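S.K.: First the structure, then my questions, so here it is.
The values are calculated or read from the model by the stated rules, or taken from the named source; none is laboratory data. Just so it is clear, the model here is predicted, and its values are computed rather than measured. We place every Cβ from the backbone using ideal geometry, glycine too, and count neighbours over all the protein chains shown. Ligands, DNA and RNA are stripped out before the accessible areas are found, and what is left, the full protein with its side chains, is counted by its heavy atoms. Shrake-Rupley method; radii C 1.70, N 1.55, O 1.52, S 1.80 Å.
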Amino acid sequence: MEIPLSRRTLLGMAAAVPVSAALTACGSSGPSKGGGKATYWHLSGMPQEGVRTGAVERFNEANPKGQIEVTTFENDAYKTKIKTAIGAGKAPTIIWGWGGGTLRTYVESDQVDDLTPWFDENPEIKNRLFPSSFGAATVDGKIYAMPFESVEPIVLFYNKRVFDDVGVEPPQSWDDIMALVPKLNAEGIAPFSLGGQSRWTNMMWLEFLFDRIGGPEVFQAVFDGEKNAWSHPAAIEALTKVQDLVKADGFIKGFSSITADSNADQALLYTDKAAMMLHGSWSYGIQQTEGGDFVSGDGLGFMNFPPVDGGKGDPGNSVGNPAQYLSISSKASAEQKKIAKDFFATGVLTDDEVKEWIETGAVPIRKGSEKLLAESESSEFLEFVYGIASNAKSFGQSWDQALSPTAAETLLDNIAKLFQLSISPRQFTENLNKVIGK
Amino acid sequence: MSALTSSTGREGRRGILPWLAVPALLFFVGFAVVPLVGVFVLSFTTWDGIGTIHPSGLTSWRAVLTDPGLPHALWVTFLVMAVSWAVQTPASILLGTFLAGRQRYRAVLSLIYFVPLLLSSAAIAVAYRALLDPNFGLGAGLGSEWLSKDWLGRPWLAFGVVVFVVSWQFVPFHSLIYQGGVQQIPHSLYEAAQLDGAGRIRQFFSITLPQLKYTIITSSTLMVIGSLTFFDLIFVLTEGGPGDATRVLALDMYKRGFQADLMGPASAIAVILVLMGLAIALLLRRLGGRDAGESQLEGA
C-alpha cells in the first residue's frame, strides 16, 4: 500500500507519533497483568516517603529487567483506597500495611500470599530482622507479610525547659503524674498535649494503663476473643484513671478539637504550651524539623511510660508499631511475584536504607545496627528507642491495628466518648464486649 | 440527522423527540438506577468490602435498626437540616432581594458573595478548622478570649460551627436563586403598590414574599435534600465529633462501610437516606400546592 506523500499526511504522521507514545506510556503505568513490572503502593509524606522511594530506585537500577513502579497516597486516603482496590481485584503487587487485624481480613479472603515457605527457604532474611516484628505479620501461625522499615514505640515526651521553669521533675509513677497536674496548671501550662480528635492518640493512654495495671494479658484476652474480656478489673481501673486525669484538667483545654495529622499537638509541646505528650517515636523527627532549636537545644526529654503503683505489668513493656509490613497480592502474576520477592530479599533494609532511616530519627528493625545508631546525631534518642524495642518483655501492637476494622472502629468511637466523659468506664466495657471477636 | 433536519412536520418531530432522551436515560440507568439496585441488594448481605459477598437476609437491617446510634444519627441529620434551613432561607431571601436591584455596585457585590460557592467543601472545612483551632487559630492570633473557645470540642458549639459553615457556603447559591426570582416579579405590581402608598417593607411582605412562593419551595427542596448528603464538610471539620455530636447519617454510612468494613449495614443506611430524600421531596411538592409545577407568572 502506497501512501501519497503530501503535506497533510506528513502533518498527520507527526501528530500521530506523540499520541501513540502517550498511549503506550499510559498502558504501562496501570496495574498491567503479566507485564514485566511489579506495582507498589505506599504512603506519601516526608521524610519517610523519600526513604521508601529511594529503596525502589536503587532496586530498579540494579534490576533493569524487573522494575517496580511506585504510587503514593496520603495516609487516610490510602486506607480506603487499598481496601477498595483489593476488593475489586486491582491490588498492587506489593501491599504496604500495618499488619494485625487488617492483614487478617486480607488473609481470610485469600488476597495475600503465604510467605512462610519463602522465609523457610531464606532463613538469613528472617534472621536479620527483629523477632518481635513478626507477631503482627503472622495469622494462624503463618507469615503473610515481610516486616520492614522501623520500630515505633509510644514514648512519653516532655519539655525540659518547662520542667526547669516550674521547678518540677518528670513523673516516675502515676501518682507523680496526678501530683504534677495541679502544679503545672497553676503556672498556666497544660500538663499533657493531646490531639484528641484523632482518637488513636487517646488510645495510646489506655494501651499503657491497661499494660501497667494488669499486664499484657488483659488486652491479649480481648485479642483472643475471650467473652467479656473488656470487663477485667484492671480494665475498669485503667479507664477510671484516665477519666480522673481528664477531670483534673490533665490534658490541654480543647484537646478534643485538636488533630494529630496537622501536628498541632506536637507544636503545643515545643512552643512550651504543654509540658508532656504521649506520642509515637516518629514524633521525634517531626519536632526536630518543625520545632526550631527545641531538639537541638536539648529542650526535648523522653522516657518510657511510668509504672502505676501496685500494677502487675512490667514497666519495661512497650506498645506501638513493631514494624511496617509488605505483603504480596495473590492476584499478581508469577513474574510480578518474583520481582516482589527479589525486592524483599535484596532491596529492603539495605545498608543504604538503614542509614537513611537512622537519619530521619527512626530505628530500623534490622539487627546489628547499634553502631550506626551510636554514630548518629540523634544517638541518644535512637539508642533509647532501640533499648525499648529490644528489651521490652512485651511489645503490644497498637490496638486499632491489632483488632479487626469492625472492632477497631467501635473501640475508637467509644474512646472518644470516654475522654469526653460522656460514657462511664462500665458503659465503655459493655459497648466493647459486644464486638469482641467480630 | 437528516430525519431531524428535513422533517419539520409535527409527525416527524414526535417520532424523533423521545429518541433524543435515550443518551440521558442511559446515563441515568447506568449511574443512578444500577448502583441504587446494587446498594439495595447489598443491604441484604454480609460483606467486608474485600472477600466474598454472603447473602444474610435481614441481618444487616436488624443490626442497623436496633443500633442506638441510628436514632441519634437521624436526630442530628434532622437538626442540621432544620437549623441550617432556618438560618439560610431568611438570609438568602433578604440578600437575594437586595441583590436584585439594578445598581452596578450590587452586581459587583453579588459576584463577591458568590465566592464561597466556588470553593470545595473540603478546602472550606480545612480553612475553618485552622481558623477555629483553640491554640493556634484566629482567637489565639488576635489574643481574643471569646474567639479561642473550644469550638469543635464541645457538642453544641461544634454543631453550631457546622451549621454556620454550611450556611456560609450555600447562602450565596440560594441568594442567586432568589435574586433571579425577584427579578421575575413584574414591575407593574410594585408601581401599583407605590401608587397605593405602600412603603418598601410593605411591598416586600405583600408582593415580593408571596410572589417568591415557588422559588422558596425550589430553594428549600435543594437545601433540605442537599443537607442529607452533607458529608465531606463534616468529615473534614469534625469527623462526626466530639463523640458523635455531629455524626450525621451520611457520615455514619461512610464510617460503617469504609472504616468498620460493614458494607451490609452501610448499604441499609444508604437505602434509608434515599427513602428519606424521596419522602421529603414529595412532601415539599405537596406543600407547594397542586399548581407548583406551573409558571408563577401566569395571570400576573
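S.K.: Return the pair list, or none, for Cβ contacts closer than 7 Å from residues in region B:34-55 that are open to solvent by 80 Å² or more (accessible area, probe 1.4 Å) to residues that are in a helix (DSSP H, G or I), at least 6 apart or on different chains.
M.R.: Pairs that qualify, where the first residue is open to solvent by 80 Å² or more (accessible area, probe 1.4 Å) and the partner is in a helix (DSSP H, G or I), are B:Leu36/B:Val274; B:Phe40/B:Val271.
S.K.: How about region B:174-187: which of its residues are open to solvent by 70 Å² or more (accessible area, probe 1.4 Å) and more than 11 Å from B:Ala100 (Cβ to Cβ)?
M.R.: Answer for region B:174-187, where residues must be open to solvent by 70 Å² or more (accessible area, probe 1.4 Å) and more than 11 Å from B:Ala100 (Cβ to Cβ): just B:His187.
S.K.: Those residues that are more than 27 Å from B:Ala245 (Cβ to Cβ) and either of a type in the set (Lys, Arg) or touching a residue at least 40 places away in the same chain (Cβ under 8 Å) (or both), I need them from region A:256-286; list them, please.
M.R.: Residues satisfying the conditions are A:Leu269, A:Tyr270, A:Asp272, A:Ala275, A:Met276, A:Gly280, A:Ser281, A:Trp282, A:Ser283, A:Tyr284, A:Gly285.
S.K.: Then there's this: Identify all residues within region A:407-438 that are within 14 Å of another protein chain (Cβ to nearest Cβ), open to solvent by 30 Å² or more (accessible area, probe 1.4 Å) and not aliphatic (A, V, I, L, M); write none if there are none.
M.R.: Once the filter is applied, which keeps residues that are within 14 Å of another protein chain (Cβ to nearest Cβ), open to solvent by 30 Å² or more (accessible area, probe 1.4 Å) and not aliphatic (A, V, I, L, M), region A:407-438 yields A:Thr410, A:Lys417, A:Gln420, A:Ser422, A:Ser424, A:Gln427, A:Glu430, A:Asn431, A:Lys434, A:Lys438.
S.K.: List, please: which pairs have Cβ atoms under 6 Å, are six or more places apart or on different chains, and start with a residue in region A:216-235 that is more than 20 Å from A:Gly320 (Cβ to Cβ) and at pLDDT 95 or above and end with one that is open to solvent by 80 Å² or more (accessible area, probe 1.4 Å) and acidic (Asp, Glu)?
M.R.: Once the first residue is more than 20 Å from A:Gly320 (Cβ to Cβ) and at pLDDT 95 or above and sits in region A:216-235, no partner that is open to solvent by 80 Å² or more (accessible area, probe 1.4 Å) and acidic (Asp, Glu) comes close enough.
S.K.: While we're here: Is region B:237-247 home to any residue that is without any contact (Cβ under 8 Å) to a residue 40 or more places away in the chain and either within 14 Å of chain A (Cβ to nearest Cβ) or in contact with a strand residue (DSSP E or B) (Cβ under 6 Å, 6 or more places away or on another chain) (or both)?
M.R.: Yes: one or more hits.
S.K.: Additional query: When the residues of region A:69-80 are narrowed to those that are facing chain B (nearest Cβ under 10 Å) and open to solvent by 50 Å² or more (accessible area, probe 1.4 Å), which ends up modelled with the highest pLDDT?
M.R.: Out of the qualifying residues, it is A:Lys79.
S.K.: Cβ-Cβ distance below 9 Å, separation of 6 or more or different chains: which pairs start in region A:244-255 with a residue that is without any contact (Cβ under 8 Å) to a residue 24 or more places away in the chain and within 14 Å of chain B (Cβ to nearest Cβ) and end on one that is open to solvent by less than 10 Å² (accessible area, probe 1.4 Å) and outside any loop (DSSP other than H, G, I, E, B)?
M.R.: These pairs meet every condition: A:Gly254/A:Gly196.
S.K.: Take B:Pro90 and decide whether it is within 21 Å of the chain's Cα centre (by Cα), open to solvent by 40 Å² or more (accessible area, probe 1.4 Å) and over 30 Å from A:Ala190 (Cβ atoms).
M.R.: When the stated conditions are applied, B:Pro90 passes them.
S.K.: Could you tell me which of the residues A:Thr105, A:Thr116, A:Thr80 is out of contact with any Gly (no Cβ under 9 Å at 6 or more places or on another chain), polar (S, T, N, Q) and on the phi < 0 side of the Ramachandran plot?
M.R.: Working: A:Thr105 fails: out of contact with any Gly (no Cβ under 9 Å at 6 or more places or on another chain); A:Thr116 fails: out of contact with any Gly (no Cβ under 9 Å at 6 or more places or on another chain).
The conditions single out A:Thr80.
S.K.: In region A:325-335, which residue that is touching a residue at least 60 places away in the same chain (Cβ under 8 Å) and open to solvent by 10 Å² or more (accessible area, probe 1.4 Å) is nearest to A:Ala137 (Cα to Cα)? Let's see the steps before the verdict.
M.R.: Within region A:325-335, the first condition is being touching a residue at least 60 places away in the same chain (Cβ under 8 Å), and the residues that meet it are A:325-333, A:335.
Filter once more, keeping what is open to solvent by 10 Å² or more (accessible area, probe 1.4 Å): A:330-333, A:335.
Working: A:Ser330: 16, A:Lys331: 19, A:Ala332: 20, A:Ser333: 22, A:Glu335: 24 Å.
Selected residue: A:Ser330.
S.K.: Another one. From (1) more than 17 Å from B:Gly49 (Cβ to Cβ); (2) open to solvent by 10 Å² or more (accessible area, probe 1.4 Å), pick out the condition that doesn't hold for A:Gly99.
M.R.: (2)
S.K.: Please work out which one of (1) closer than 21 Å to A:Val155 by Cα; (2) open to solvent by less than 40 Å² (accessible area, probe 1.4 Å) is the condition A:Ser404 fails and give its number.
M.R.: Result: A:Ser404 fails condition (1) only.
S.K.: Would you check if B:Ala266 is surrounded by 14 or more Cβ atoms within 10 Å (Cβ to Cβ) and at pLDDT 90 or above?
M.R.: When the stated conditions are applied, B:Ala266 passes them.
S.K.: Is it true that B:Val161 is of a type outside the set (Ser, Thr, Tyr) and either open to solvent by 30 Å² or more (accessible area, probe 1.4 Å) or closer than 28 Å to B:Trp75 by Cβ (or both)? Walk me through it before giving the result.
M.R.: Details: of a type outside the set (Ser, Thr, Tyr): yes; either open to solvent by 30 Å² or more (accessible area, probe 1.4 Å) or closer than 28 Å to B:Trp75 by Cβ (or both): yes.
Yes: the conditions hold for B:Val161.
S.K.: For region A:336-373, give me each residue that is among the small types (Gly, Ala, Ser), surrounded by fewer than 20 Cβ atoms within 10 Å (Cβ to Cβ) and at pLDDT 90 or above.
M.R.: Across region A:336-373, the qualifying residue is only A:Ala345.
S.K.: Further, regarding this structure: Where in region B:217-289 are there helices (runs of 4 or more DSSP H), lying wholly inside it, with at least 1 residues that are within 30 Å of B:Pro55 (Cα to Cα)?
M.R.: Details: elements: B:232-237, B:249-254, B:263-287.
Those helices (runs of 4 or more DSSP H) span B:249-254, B:263-287.
S.K.: Which ones in region A:413-423 are free of Cβ contacts under 8 Å to residues at least 40 places away in the same chain and over 25 Å from the mean Cα position of the chain (by Cα)?
M.R.: A:Ser422, A:Ile423
S.K.: If the Cβ limit is 6 Å and pairs must be 6+ apart or interchain, which residue in region B:150-171 that is at positive phi pairs with which residue that is hydrophobic (A, V, I, L, M, F, W, C) and open to solvent by less than 10 Å² (accessible area, probe 1.4 Å)?
M.R.: From region B:150-171, no pairs qualify.
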